[in-house]
Each structure stands twice: as C-alpha cells, then as structure tokens.
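Note sheet for the following structure.
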Amino acid sequence: MTVFLLALAISTSITTLQRAFLNLDTARNLSTASAILQTQIEKERLLAWATVSDPRYQPTVDSSYLRNPEIAGRFSLARTVTVIADRAGQVVQVTLTVRWRSYDGRELARSFTTYFTRGGLRDFVYDQS
C-alpha cells in the first residue's frame, strides 16, 4: 500500500512539474514576443509615410534578438496594413504579429496595432521645412 501511495505522489508531482515548465516557457515567450513587437513599433515610427503605408513592406525580427539561438528561427514577424477608408487615405492601421511554437508544440501569436497619419509625428520631427 505504501509503494502505491508513493508511486501516486511521484507521478502527480511529475505532471505538475511538466505543467509548471509549460507555463514558464509560455511566460518567457510572451515576454520575448512583446519585446520584439515593441522594438519593431519603435522602428516603424521612424519610417517615412511611403514606407509605413506600403503593404508590401515586411519587417524581420531585429538582429539583436536573432543572435540568441533560442529565438532565431523560432519567432516570425508579420505586418498588415489597413487603410482607414473614411480618412481619405491619410490614416493607416498597422498590425504587427509575432508567431512561435510553444514547449508543447502549440502555435501561439501576439499582436500590436497602431495608427499612422500622413504628416504625423515622423513628418513633424524629420520633414520640417
């Protein structure tokens, strides 16, 4: 009877440890994905309107992250641009999405969305004439 109870206790603790490692991996990857997204958002704020509003422009994960072998090849970055119709093409919505596979093989994604306007902050800072 004692052996049965010890086996039950050990098997449940192993399952608990596996779930803990899964949650730790998810938390670590969410933090990494958020850092990648924030870095790219800051880079996009420095782009000219022609680049920001171009749906063909696709960024890549910053090289500072790619130096880490745990990140390189595991995280991918995608960008979508939506022109806000009721603003006569002067406003675009940019959504950046990072995708990766978790410890147990599930595909996860996180996104940041922001808006840019023609003649906005970047033009105010860099294109004053």
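Just so it is clear, none of the values below were taken in a lab; they were calculated from the coordinates. Not measured: the values here are computed from a predicted model. Note that we place each Cβ from the backbone using ideal geometry, even for glycine, and neighbour counts take in every protein chain shown.
Tabulated data
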quantity	calculated
Segment 1-60 shape via C-alpha gyration tensor axes, a/c threshold 1.5	prolate
Expected 222 nm ellipticity per residue - DSSP helices of 4 or more, -39500 (n - 2.57), all of the chain, to 500	-14500 deg cm²/dmol
Arg110-Ala35 pseudo-label distance in nm [points 7 Å out on the Cα-to-Cβ vector]	1.1 nm
Matching label, Cα extents along the principal axes in Å computed from the structure shown, candidates [x] 38, 29, 25; [y] 84, 34, 22; [z] 59, 27, 23	[y]
Acute angle (nearest 10 degrees) that the helix 2-44 long axis makes with the longest principal axis of the chain, alpha-carbon atoms	10 degrees
